[in-house]
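First comes the structure, then the notes that go with it.
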């Protein structure tokens, strides 16, 4: 009964249709970027940028207290700007601590958390903090859907034009230079793309769940992927599945949508890991029988 | 490409690893840099490739100072233990070489080089299923995509068994015969498989020793 009304509402209620379209786009976008983040062994980076993006949102809300309504209505713009600044800061610190990439992220995430707490407090909007920490795909607006659509188009075009260079630099930064690739430029391009995706994910899944949207479907797909392409396709399938199931769970049991989506993601990872173990075990016993 | 190293010194903090090294590598040379672990072999290569910035001493490529040199695509480099490469993520040999092929020349090159290296049959295999020897050859193919003038191999046989080591050195020798300058780093003392033209031995006490083999053509003229 709940399932039937879910599907009816999915196409009859505007907010559900928006959530579905947003989910479909994010379901492809997050693992596309997430796969590169995993290759670069920087799984923590989306969290870091999310926290720094939060500084932009809190600053925007603070500015709005001086009577400028634009900053209250559209805090995501400053969120995006600060996400990019966070990305550049990570690159800057990463060069100072070449062999300790995670140090740069700890510095930026700490700074981001501290600054956002200060500005949320100054803006007297600590109540809206929950919304940005956990997000809600069910409350996205038409304007936000359009923003995600534009971001997806930009990311796709950049990947079509420079996908090879971005992948080459991600897999092996040292030797990419000898292939004629401007390593610094493509690191910068990727950081901008990542910052954009993190900013648009902020409203629908929230700061605390951004990383899981990007990384967990890729981690699940790595169990069965035999090539980069196959791993990416499997991760997008898992991601879309988790969004649809998550939406259904959120609608049916009235729970936060971002948390429901991420929980399904983790469940898929667990199931896939168990299946993989069973497959490996069966193959080993088959080999033993042949011997 | 003529490579001139002049009075090069390099230190990590207070620990000097290269002290006043001077050496010339001519076009088409096969240089073996030999020495125990910690004698500065990889540091020297990183200086040559601009990965370590040179503050004491000078390096020239065809007379051009390394600090203004921009022709890095003339180099092919296979790093030690491939430690900078993430080869745990699922990736086929073909995918690796395809996204490493930025120019049209590179795209047309990789199948030819795979064939030359005797590993055309593994083109669809996942790189984390390859043996150490196969992986090294794949990375040499990647380094060869630009048709480099200088190929630098840092401890290339570290993860290859003895049988494949001989075959590997033969392949490198053939590349050298095509006119490519080879710079090969090794910490092993047995060099019987390697037909090098000169050898630079680096020691822990920061001294260096150079041995130059007389080319056969020169011997015949004597």
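Restricting A:122, A:179, A:161 to residues that are without any contact (Cβ under 8 Å) to a residue 24 or more places away in the chain and surrounded by fewer than 17 Cβ atoms within 10 Å (Cβ to Cβ) narrows the list to A:161. Take residue B:20 and tell me if it is outside any strand (DSSP E or B), more than 10 Å from every other protein chain (Cβ to nearest Cβ) and either over 30 Å from residue B:205 (Cα atoms) or touching a strand residue (DSSP E or B) at 6+ places or on another chain (Cβ under 6 Å) (or both). Considered against the rule, which asks whether it is outside any strand (DSSP E or B), more than 10 Å from every other protein chain (Cβ to nearest Cβ) and either over 30 Å from residue B:205 (Cα atoms) or touching a strand residue (DSSP E or B) at 6+ places or on another chain (Cβ under 6 Å) (or both), residue B:20 comes out as no. Of the residues making up segment A:9-40, just one is under 27 Å from residue A:115 (Cβ atoms) and modelled with pLDDT under 90, namely A:40. Scanning segment B:34-61 for residues that are in a strand (DSSP E or B) and under 13 Å from residue B:10 (Cβ atoms) yields a total of 4. Per the listing B:194, B:185, the residue uniquely in contact with a helix residue (DSSP H, G or I) (Cβ under 6 Å, 6 or more places away or on another chain) and either at pLDDT 80 or above or in a strand (DSSP E or B) (or both) is B:185. Only one of the numbered conditions (1) part of a strand (DSSP E or B); (2) surrounded by 17 or more Cβ atoms within 10 Å (Cβ to Cβ); (3) more than 14 Å from the chain's Cα centre (by Cα) is not met by residue B:31, and that is (3). Applying a threshold of 9 Å to beta carbon distances and a minimum spacing of six or more residues, or different chains, the list of pairs starting in segment A:40-51 at a residue that is within 23 Å of residue B:88 (Cα to Cα) and ending at one that is outside any helix (DSSP H, G or I) reads A:40/B:86; A:41/B:86. Return the pairs, sorted by first residue and then second, in which the second residue is outside any strand (DSSP E or B), the first residue lies in segment B:54-80 and is at positive phi, the beta carbons are less than 7 Å apart, and the residues are 6+ apart or on different chains. Close Cβ pairs (under 7 Å, with a partner that is outside any strand (DSSP E or B)) amount to B:62/B:1; B:62/B:2.
Just for segment B:34-46: of the residues that are within 14 Å of chain A (Cβ to nearest Cβ) and closer than 16 Å to residue B:6 by Cα, which one is nearest to the chain's Cα centre (by Cα)?
The first filter runs over segment B:34-46 and keeps only residues within 14 Å of chain A (Cβ to nearest Cβ), leaving B:42, B:45-46.
Now restrict to residues that are closer than 16 Å to residue B:6 by Cα: B:45-46.
Details: B:45: 8, B:46: 11 Å.
So the residue we want is B:45.
In segment A:205-230, the residues that are touching a residue at least 40 places away in the same chain (Cβ under 8 Å) and within 14 Å of chain B (Cβ to nearest Cβ) form Cβ pairs under 6 Å with partners that are surrounded by fewer than 24 Cβ atoms within 10 Å (Cβ to Cβ) and not in a helix (DSSP H, G or I), at six or more places apart or across chains, as follows: A:215/A:43.
Enumerate the helices (runs of 4 or more DSSP H) found wholly within segment A:42-150, keeping only those where 3 or more residues are closer than 25 Å to residue A:259 by Cα. Where helices (runs of 4 or more DSSP H) fall fully within segment A:42-150 and carry at least 3 residues being closer than 25 Å to residue A:259 by Cα, they are A:45-64, A:76-96, A:101-122, A:129-134.
The values are calculated or read from the model by the stated rules, or taken from the named source; none is laboratory data. Keep in mind the model is a prediction, meaning the values are calculated, not measured. Cβ: placed from backbone, ideal geometry, glycine included. Neighbour counts: every protein chain shown.
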